[in-house]
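The values are calculated or read from the model by the stated rules, or taken from the named source; none is laboratory data. Since the structure is predicted, the reported quantities are computational estimates derived from the model, not experimental observations. As a convention, Cβ positions derive from the backbone with ideal geometry for all residues, glycine included, and neighbour counts pool all protein chains shown. Accessible surface is based on the protein model in full, side chains and every heavy atom, while ligands, DNA and RNA are left aside. Shrake-Rupley method; radii C 1.70, N 1.55, O 1.52, S 1.80 Å.
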Amino acid sequence: MKTLPSFLSGHGTRLYYLLLFLLVTFTAAPVQVQAQVVNQDSLFIRENYIKLEKMVPMRDGKKLFTSIYIPKDKSKKYPIMLDRTPYGVAPYGEEAYRKTLGPSMLFAREGFIFVYQDVRGKFMSEGDFVAVRPYIPNKKKSQVDESSDTYDTIEWLLKNVKPNNGRVGSWGISAPGFYTTATLIDAHPALKAASPQAPVTDWFMGDDRHHNGAFFLMGTFAFLSSFGQLRPEPTTEWPRGFTQYGTPDAYKFYLGIGPIKNINEKILHGENPLWNQMMEHGTYDAYWKARTPVPHLKNVKPAVLTVGGWFDQEDLYGPLKTYAGIEKQSAKTSNKLVMGPWIHGSWSRGEGAYLGDIRFGANTSEFYREQIEFPFFMHYLKGAADPQLPEAYIFETGTNQWKKYDAWPPKESQEKNLYLHAGGKLSFEPPKAQQQAFDEYVSDPAKPVPFTSEIRTLRGSDFMYEDQRFAATRPDVLVYETDVLAEDVTISGNVLADLFVSTTGTDADFVVKLIDVYPDDAPNNSPRPNTKMGGFQLMVRGEVMRAKFRNSFSEPEAMVPNQVTEVKFDMQDAAHTFRKGHKIMVQVQSSWFPLVDRNPQKFVNIYEAQESDFQKAAHRVFFSESHPSHVKLRVVE
């Protein structure tokens, strides 16, 4: 693996590729202008900050490597901004400076003490690394978790890093977002404000590694081939990840591997501990349950600003469930939610004016950084004016408007079912047919439905906003569509799929996509030249469900062949307006490859499945009065 640029390597390879994409794609200014801005920021930091590197002691005697940037102007006291990360705090060395500081350069130019820390067991910190380390309630003196490590770090910083004003804020994106959430649990009294951003929250239910029990193969293998390796000793270097794909086509590569067990047999050879843990815990067992912080978000004292993106390819689940968990269990907390039209972490860099072919009519990322994030921390850490942020600051795609709500989901939204009908019809009217009515398709694991039309080896984010017409033409994808809308239809809140299905097999995956279909005469206003937007199919929300988990994620059950069965699952939240003149579409399929691993369509432990276990199966989706398959939306009238 090539050495990461120093101003990116502190967040690891995932954020490296994200930020590289943002620099190239999201900014209209020439690359030379961007380089000039980075150089100006870098020069400002060197001229106005000193850097220290310290080994900060924890209560069990282990020491964590900590990089500290302190304003040279000692005439005033500064609050501390803390970012704990498993991705490294590079560049290492007191003479090597980061190119940017804080959530944005607004903070660096205002003046804060910035602290970046390698979490326990990663890079230069002592101890053993545990991914999404479980919280330990009622800890004994020598017991540690991420909450206690944060507490001990803050205590040391207050005593040893001057001149601080006694107030601390924490923030982080993705895995650092998980560590930010951990700062809220048994929080240090000096922690006044925290912002978990796209926080990893539950690796089985909806973040990164699995969605509704279905394994997210492509992203997990690429990431864990590096991140999941053992660290024999402290290091400043990332371990080398897998690159020998032998083809630019991930679909071909992963299909050629065969059953998922072959990844260990052919590539990893059982030497990647974190990958092994994925393979050993195929149900929602104690391993997974211990790793979500949500049940412990009680009596939260700091103010919280949770941030996520509607097009986040990794952690859409995390911010929504973190916000909801605090709201439910810690009602007195100042608890705010921000959801914008962003991919993973893109609110932190660039303009945020568009994604792929979709324009948002404003520089949404800049707005967030300047009008939401910076004022939030300024108020709680420096005593600036209260920015009067709403409970939920939500960007509504379709109309391209920021909406302010006093609750999420909005109190004015009402549940409404969008029903599947015969003939590929979709309507808010329930089916009235008394006899069994259904559509049928054959799902073949040897020819799975691709998740994208692109030829690529890394997952990327484009599939979240890519035109879905490539899938709609396949015979193993069912398509349902409303009439042309006579008026706008606005949804704000949870999307839930409720299917009545049968299969000739004993297990199956069901993928449901909620899609906005543009008119045939839609203007060609894509940022990408020569793109035809007429008939464009924008995926507003897409999600997968492994049917064996339909009743319990801990105790899977086989499907009974040819028996009508209800399969209901969470598709996460959305805020979107289907405009007048558009159509609403629902697509149903049973593979999404290689984003999601293939289901053998036989009730087995998929992580141990043999090639002979994979079989074709015929799936039926029913839409009669007694079996009304539908998507439940929250509609704002």
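Post the alpha-carbon centroid distance, region 73-141 to region 266-310, in whole angstrom.
Spelled out, the Cα-based centre of one part sits 21 Å from the other.
Place +1 on the Cβ of every Lys and Arg and -1 on the Cβ of every Asp and Glu in the chain, take the dipole about the Cα centre, and give the residue among Leu355, Ser591, Asn562 whose Cα lies farthest towards its positive end.
Result: Leu355, furthest along the dipole toward the positive end.
Evaluated at 4 °C with a viscosity of 1.567 mPa s, what Stokes-Einstein diffusion coefficient in µm²/s does region 169-238 have when Rh comes from the Kirkwood expression over alpha-carbon pairs?
93
Indicate, rounded to the nearest 5 percent, the antiparallel portion of the DSSP beta bridges found entirely in the chain.
The answer is about 70 percent antiparallel.
Using a simple spin-label model with points 7 Å from Cα along the Cα→Cβ vector, what separation in nm is obtained for Lys447 and Glu47?
Each label point is offset 7 Å from its Cα along the Cβ direction, giving 6.5 nm.
Report Rg/Rh for region 121-259, rounded to two decimals, where Rg is the Cα radius of gyration and Rh the Kirkwood radius.
That ratio is 1.05, to two decimals.
Give the residue from Gln197, Ile173, Met378 lying farthest towards the positive end of the charge dipole for the chain; charges sit on Cβ (+1 for Lys and Arg, -1 for Asp and Glu) and the dipole is referred to the Cα centre.
Value: Met378.
Go ahead and run the numbers for FRET between Glu415 and Lys77, Cβ-Cβ distance against an R0 of 41 Å, rounding to 0.05.
Efficiency at R0 = 41 Å is approximately 0.20.
Tell me, what is the FRET efficiency for Asp285 and Lys139 to the nearest 0.05, using R0 = 30 angstrom and their Cβ-Cβ distance as r?
0.85
With angles folded into 0 to 90 degrees, how steeply does helix 317-329 sit against the dominant principal axis of the chain? Use alpha carbons for both and round to 10.
Value to nearest ten degrees: 70.
Based on the Cβ-Cβ distance of Ala407 and Ala362, what FRET efficiency does E = 1/(1 + (r/R0)^6) give at R0 = 30 Å, to the nearest 0.05?
0.80
With n ≥ 4 as the cut-off for DSSP H runs, can you work out [θ] at 222 nm for the chain, using -39500 (n - 2.57) per run divided by the number of residues, rounded to the nearest 500?
Result for the chain, helices only: -5500 deg cm²/dmol.
Ratio of alpha-carbon Rg to the 2.2 N^0.38 Å globular estimate for region 210-289, to two decimals, please.
1.17
With every protein chain left in place, what is the accessible area per residue of the chain in square angstrom, probe 1.4 Å?
Accessible surface, normalised per residue, equals 38 Å².
Once the Cα atoms of region 413-636 are picked out, what are the Rg and Dmax in Å?
17.5, 51
Using only Cα atoms, figure out Rg for the chain and give it as a multiple of 2.2 N^0.38 Å.
Compared with the compact-globule rule of thumb, the chain sits at 0.96.
Quick one: what are the phi-derived ³J(HN,Hα) couplings along region 213-222, Karplus 6.51/-1.76/1.60 with θ = phi - 60°, whole Hz, x for glycine and proline?
These are the phi-based 3J(HN,Hα) values: x, 8, 7, 8, 5, 4, x, 5, 4, 4 Hz.
Using unit Cβ charges (K, R positive; D, E negative) and no other charged atoms, how large, in debye to the nearest 20, is the dipole of the chain about its Cα centre?
My answer is approximately 1780 debye.
Considering only protein heavy atoms and a probe of 1.4 Å, how much of the accessible area of the chain is carbon and sulfur, as a whole percent?
Within the chain, the accessible surface is 50 percent carbon and sulfur.
Roughly how tilted is helix 12-21, in degrees to the nearest 10 and between 0 and 90, from the longest Cα axis of the chain?
70
I'd like to know how region 264-316 sits against the 2.2 N^0.38 Å rule of thumb: what's its Cα Rg over that expected value?
Compactness ratio reported: 1.67.
Which pairs in the list Lys76/Lys332; Lys122/Lys301; Lys139/Lys328; Lys62/Lys99; Lys141/Lys336 are over 26 Å apart, alpha-carbon to alpha-carbon?
Over 26 Å apart, Cα to Cα: Lys76/Lys332; Lys122/Lys301; Lys62/Lys99; Lys141/Lys336.
From the residues Pro387, Tyr245, Gly228, which one has its Cα farthest along the dipole of the chain in the positive direction, the dipole being from +1 and -1 charges on Cβ of Lys/Arg and Asp/Glu about the Cα centre?
Pro387
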